[in-house]
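Below is one structure; the comments refer to it alone.
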Amino acid sequence: MIRNEHGQPVGEDVAGWTTRPPAAPTLLEGRTVRLEALAERHADDLWTALVEESPDALWTYLPYGPFAERTAFDAHVARLEADSALAPLAVVVEGRAAGVSAYLREDRAHGCVEVGHVALGARLQRTTAATEATYLMMRHVLDERDGLGYRRFEWKCDALNAPSRHAAERFGFTFEGVFRQDKVVKGRSRDTAWFSVVDHEWPRLRAAYENWLAASNFDEGGAQRRSLRDLREATS
C-alpha cells in the first residue's frame, strides 16, 4: 500500500499522464467489419437493418424507438450524427451499414470513455462481426500502440437488460455494481448496471480477442473452435 507523507493511503502514481486525444469518429477496419463515422448516407441501410429486418424489441432498453415512420427514423440518425457529445459510428458489414455504436461521456482529462447507443440489426447480432466491432472500439481507446491510450472503457445498460449484461461479461468487462433509480427512460424507472475494462487488463484481453478472431479459430461452416471466454481464461 502506498502512503503519503501524512501516513494516508493514496493511489498509485500515473507517471507521464497527459490529457488524451478525443475519441472522434474514425475509420476502424477489421477482418469482418468496418466502423466509420455515422452519416446521412447510412440511413437507407440502417432503416432496412434496424427497422424492416429487426423486431421492435430491439428498442426496448434504448431511450428512443421503435420507429414506425421513416421520417422519424431519419431524424433520429441526424440527431445522433449532430450531437457534439457523441462520436457515433456506423457498423458496416459487406458494404452495408447494419448497426450503430458510439463513444460518449468522453473524459479526456482522466482517460475514460463509454460505449453506448448500441443498436445492432437482427442479422448482425451474435456474429463474429458484432464481436469484432466491440474489439475495434476497445482497441482504439485503450491501446497504447494502436490507439489513444485511455485508462478506462465503460459499458452501462439497464440492469434488467440481460442480453446486454451477458454481452458485457463475455467481452471481458468487469461488473462494478448497480446505480439504483438512475434514470427515467420512456416513463419507467431504470436501474443502471456498470461495467468497465481498464488499461492494465487490455493486453490480456487483446490477445484473447485476436486469438478468437483469427480465421483458424473457425471451421468451414463458420462455427468457433474455442470460445472467447475460454481464450480469456487461458490468457489470465
- Task: Could you give me the residue pairs with C-beta distances under 9 Å whose first residue belongs to segment 85-101 and is closer than 13 Å to GLU29 by Cβ and assigned to a strand (DSSP E or B), whose second residue is at pLDDT 95 or above and of a type in the set (Phe, Trp, Tyr) wherever it lies, and which are 6+ apart or on separate chains?
- Result: LEU89/TYR103
- In segment 155-194, how many are buried (at least 19 other Cβ atoms within 10 Å of the Cβ) and touching a Phe, Trp or Tyr at 6+ places or on another chain (Cβ under 6 Å)? 5
- Item | THR192 being among the β-branched types (Val, Ile, Thr), touching a strand residue (DSSP E or B) at 6+ places or on another chain (Cβ under 7 Å) and either within 27 Å of LEU148 (Cβ to Cβ) or touching a residue at least 60 places away in the same chain (Cβ under 8 Å) (or both) | yes
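Here's the yes/no breakdown for (1) within 19 Å of VAL118 (Cα to Cα); (2) not charged (D, E, K, R):
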residue	(1), (2)
THR134	yes, yes
GLY147	no, yes
PRO163	yes, yes
ALA167	yes, yes
ARG180	no, no
ASP191	yes, no
- Message: Can you tell me how many residues within segment 195-225 are among the polar types (S, T, N, Q) and in contact with a strand residue (DSSP E or B) (Cβ under 9 Å, 6 or more places away or on another chain)?
- Response: 3
- Message: Show the residue pairs meeting these rules: Cβ distance below 8 Å; 6+ apart or different chains; first residue within segment 166-181 and free of Cβ contacts under 8 Å to residues at least 40 places away in the same chain and farther than 14 Å from ARG232 by Cα; second residue part of a helix (DSSP H, G or I) and basic (Lys, Arg).
- Response: PHE175/ARG165
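Looking only at segment 27-41, filter to residues that are surrounded by 14 or more Cβ atoms within 10 Å (Cβ to Cβ) and in contact with a helix residue (DSSP H, G or I) (Cβ under 7 Å, 6 or more places away or on another chain); which one of those is farthest from ASP143 (Cα to Cα)? Reasoning before the result, please.
Going residue by residue through segment 27-41, those that are surrounded by 14 or more Cβ atoms within 10 Å (Cβ to Cβ) are 28, 30, 32-39.
Going one step further and asking which of them are in contact with a helix residue (DSSP H, G or I) (Cβ under 7 Å, 6 or more places away or on another chain), we end up with 28, 30, 32-33, 35, 38-39.
Numbers: LEU28: 13, GLY30: 15, THR32: 20, VAL33: 19, LEU35: 17, LEU38: 23, ALA39: 26 Å.
Among those that are surrounded by 14 or more Cβ atoms within 10 Å (Cβ to Cβ) and in contact with a helix residue (DSSP H, G or I) (Cβ under 7 Å, 6 or more places away or on another chain), it is ALA39.
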- Note on the structure: Residue hits (segment 128-161; of a type outside the set (A, V, I, L, M, F, W, C) and over 13 Å from the mean Cα position of the chain (by Cα)) are THR128, ASP143, GLU144, ARG145, ASP146, GLY147, GLY149, TYR150, ARG151, ASP158, ASN161
- Message: I'm trying to understand the selection: among the residues of segment 4-60, which are in contact with a strand residue (DSSP E or B) (Cβ under 6 Å, 6 or more places away or on another chain) and at pLDDT below 95?
- Response: ALA23, ALA24, PRO25, LEU27
- Among the residues listed as GLU94, GLU53, GLU40, the single one being of a type outside the set (A, V, I, L, M) and over 28 Å from LEU228 (Cβ atoms): GLU40
- Task: Just name the residue that is surrounded by the most Cβ atoms within 10 Å (Cβ to Cβ) out of those in segment 55-74 that are under 20 Å from ARG123 (Cα atoms) and among the small types (Gly, Ala, Ser).
- Result: GLY65
- Considering only residues that are touching a residue at least 12 places away in the same chain (Cβ under 8 Å) and surrounded by fewer than 16 Cβ atoms within 10 Å (Cβ to Cβ), look in segment 15-26 and name the one that is farthest from TYR103 (Cα to Cα). TRP17
- Query: Quick check, is ARG145 at positive phi, assigned to a loop (DSSP other than H, G, I, E, B) and modelled with pLDDT under 95?
  - Reply: no
- Filter segment 211-229 down to residues that are exposed (fewer than 14 other Cβ atoms within 10 Å of the Cβ) and assigned to a helix (DSSP H, G or I) and give me whichever is modelled with the lowest pLDDT. ALA215
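The values are calculated or read from the model by the stated rules, or taken from the named source; none is laboratory data. Note that this is a predicted model, so its numbers are computed, not measured. Counting neighbours? That spans all protein chains shown, and the Cβs are built from the backbone with ideal geometry, glycine included.
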